[in-house]
């Protein structure tokens, strides 16, 4: 019986995710191609200065000629391994990204500018910051388990 409930919940979440993803694409704002996949977030958030003027994350989070800000390198070949289930240097009790749980993911705290973060809201040189739609899509990817897709 318990397995049936778990399967039902998993299927319900999967179907709900499919329905939500179409709606998410309409709120992506200055990154109209943004989708809740790692490759899309990497290309449209981490590596791209968007049309609203929000700087690419790799402006600071790079190891090219420097130590990356917060010890987080978001360059293409390193980003995923630097994010998933890695403790945040500033708040070691939290992971940078906790798959399935955006509320427990320090990256979400930083881009939302929540109370309790160390330092400033990201991007540090904002505004502009990520839009609510961009943050929602980032959170959606984390909710989906933060797959390497």
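The values are calculated or read from the model by the stated rules, or taken from the named source; none is laboratory data. Because the structure is a prediction, the values reported are computed rather than measured. Virtual Cβ from ideal backbone geometry, glycine too; neighbours counted across all protein chains shown.
Here are the numbers for this structure:
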{"item": "Selection status of residue 45, closer than 17 Å to residue 137 by Cα and in contact with a strand residue (DSSP E or B) (Cβ under 7 Å, 6 or more places away or on another chain)", "result": "no"}
{"item": "Residue in the stretch 43-55 that is more than 21 Å from residue 30 (Cα to Cα) and either touching a residue at least 40 places away in the same chain (Cβ under 8 Å) or in contact with a helix residue (DSSP H, G or I) (Cβ under 7 Å, 6 or more places away or on another chain) (or both) present", "result": "no"}
{"item": "The stretch 114-149 - residue that is surrounded by 13 or more Cβ atoms within 10 Å (Cβ to Cβ) and free of Cβ contacts under 8 Å to residues at least 60 places away in the same chain and, of those, farthest from residue 74 (Cα to Cα)", "result": "117"}
{"item": "Sole residue being surrounded by 14 or more Cβ atoms within 10 Å (Cβ to Cβ), within 16 Å of the chain's Cα centre (by Cα) and either modelled with pLDDT under 95 or within 17 Å of residue 136 (Cβ to Cβ) (or both), chosen from 101, 33", "result": "101"}
{"item": "Residue 111 being closer than 16 Å to residue 130 by Cβ, touching a strand residue (DSSP E or B) at 6+ places or on another chain (Cβ under 6 Å) and without any contact (Cβ under 8 Å) to a residue 40 or more places away in the chain", "result": "no"}
{"item": "Pick from the stretch 62-98, criterion modelled with pLDDT under 95 and closer than 28 Å to residue 27 by Cβ, ranking: surrounded by the fewest Cβ atoms within 10 Å (Cβ to Cβ)", "result": "76"}
{"item": "Flag for residue 132 being within 18 Å of residue 40 (Cα to Cα) and out of contact with any helix residue (DSSP H, G or I) (no Cβ under 6 Å at 6 or more places or on another chain)", "result": "yes"}
